[in-house]
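The values are calculated or read from the model by the stated rules, or taken from the named source; none is laboratory data. Small disclaimer: the values here were computed from a predicted structure and weren't measured. Positions of Cβ are generated from backbone atoms using ideal geometry, with glycine treated the same way; all protein chains shown enter the neighbour counts. Areas reflect the complete protein model, heavy atoms only, side chains present, ligands, DNA and RNA absent. Shrake-Rupley method; radii C 1.70, N 1.55, O 1.52, S 1.80 Å.
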Amino acid sequence: MTGHNPGMNVTGHTRRSVSIRDVATAAGVSYQTVSRVINDHPSVKPSTRERVLAAIDELGFRRNSTALALASGRSRAVTVLTSNTTHYGYASVLQGIEEAARAASYTVGIGVLESADGADETDITAQVQRSADAGGGLIVIAYDPAGVRALGAVPADLPVVGVVETPASTPRDDRPWVWADDREAAYKATRHLLSLGHKTVHYVAIPSSTRRTSARTSGWQQALKEAGAPQPRPLQGSWGPAGGHAAGLKLAGNPDVTAILCGNDDLALGVIRALHETGRAIPGDVSVAGFDDAPHSAYLTPSLTTVRLDFTGLGRSAFALLHGVLEESAPIAPHPVSVPELVVRESSGPPPGRE
């Protein structure tokens, strides 16, 4: 008795996987048309649909993975493009997408962009193209320049949702974007520190997706302006604790610094360490507030005042919006997802002399 390996040809050599472009060539159509057929888009003529399905059957394109799609009339898969899978916000968005997709019987693939800071345009375009070739829909986490460029490179006919920073103004209705209100969150945290009696609040920033003023920086500035407080120059702190530590050492040497807002909780961790090393008490000498309410925030010493953003809920909402587009059951509309919640803990208090 002999067995047959479908991945091998008769000479025993590994057979190359059939791509969506192979199907397009065989059917004499564009790869976008193949994608529309897989997703049962109504704009495809019946004769074209029959030709594409025949090519799929003949070539064995994604035979196992497309069986359900062809039977149900939908490609039940999404790809997530992101430049990072470990930072808290990114990872939590991914978690929410996966949870919602699993509940809807969709599979999730992840495409990682080369670099958040120096991504090559060719690499980004190639990654977007690979995701388009896979069929289904696409979610782009656009929290950095690479993600923003990837979102802009998505073909017009590919169903896509962007998870973005808070836009500077309300996007057009045809922009399928979701976001947490970073601007309002930073505003709330800054107002809290000012309400304790601090004359101003210094800010350690995370990178912006557009390399301009981020929504978090904008919210911080707005609160200071409304209060008539001095607006110190923000310090750039990258994403992790090391960046916060370096910024914290700079701020710790200035006795006029009594309150620091950090662009995320990892930066706050580094700032707290720097203040500890330089002998400045928290919150007796300096109050520190973070951003995101990462799991470790409640267990630092002192526990960290922060602003909670529902990133997991954001991921679920991103999938729900894409699912509505794929199933043609919901309109495309950009929208914020949740209201940020200020979580007051031990790291914030009155400035020295205002006990």
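Quick notes on this one:
- Residues of the range 121-132 classified as free of Cβ contacts under 8 Å to residues at least 12 places away in the same chain and surrounded by 24 or more Cβ atoms within 10 Å (Cβ to Cβ), total: 0
- Selection over the range 154-196 of residues that are assigned to a helix (DSSP H, G or I) and either free of Cβ contacts under 8 Å to residues at least 60 places away in the same chain or among the hydrophobic types (A, V, I, L, M, F, W, C) (or both) gives a count of 9.
- Any pair with Cβ under 8 angstrom, 6 or more apart, that starts in the range 18-44 at a residue that is under 13 Å from D157 (Cα atoms) and at pLDDT 70 or above and ends at one that is among the basic types (K, R) and part of a loop (DSSP other than H, G, I, E, B): none
- For the range 138-150, the tally of residues that are over 11 Å from the mean Cα position of the chain (by Cα) and either β-branched (V, I, T) or surrounded by fewer than 24 Cβ atoms within 10 Å (Cβ to Cβ) (or both) stands at 2.
- All positions within the range 305-329 that are in contact with a Ser or Thr (Cβ under 9 Å, 6 or more places away or on another chain), closer than 18 Å to E341 by Cβ and assigned to a helix (DSSP H, G or I): F311, T312, G313, L314, G315, S317
- Any hit, the range 322-342, residues being of a type outside the set (K, R) and at pLDDT 95 or above: yes
- Residue tally, condition out of contact with any Pro (no Cβ under 9 Å at 6 or more places or on another chain), crowded, with 23+ Cβ neighbours inside 10 Å and not aromatic (F, W, Y), over the range 319-329: 0
- For beta carbons closer than 8 Å, sequence separation of 6+ or different chains, a first residue in the range 133-153 that is over 22 Å from G324 (Cα atoms) and a second that is in a loop (DSSP other than H, G, I, E, B) and charged (D, E, K, R), the qualifying pairs are Y143/E165; D144/D117; P145/D117; P145/R211; A146/E114; A146/D117.
- Top-ranked residue in the range 246-288 [being touching a Lys or Arg at 6+ places or on another chain (Cβ under 9 Å) and among the small types (G, A, S); ranked as nearest to Y187 (Cα to Cα)]: G263
- When residues in the range 154-180 are screened for being open to solvent by 60 Å² or more (accessible area, probe 1.4 Å), among the aliphatic types (A, V, I, L, M) and over 27 Å from A126 (Cβ atoms), 1 of them pass.
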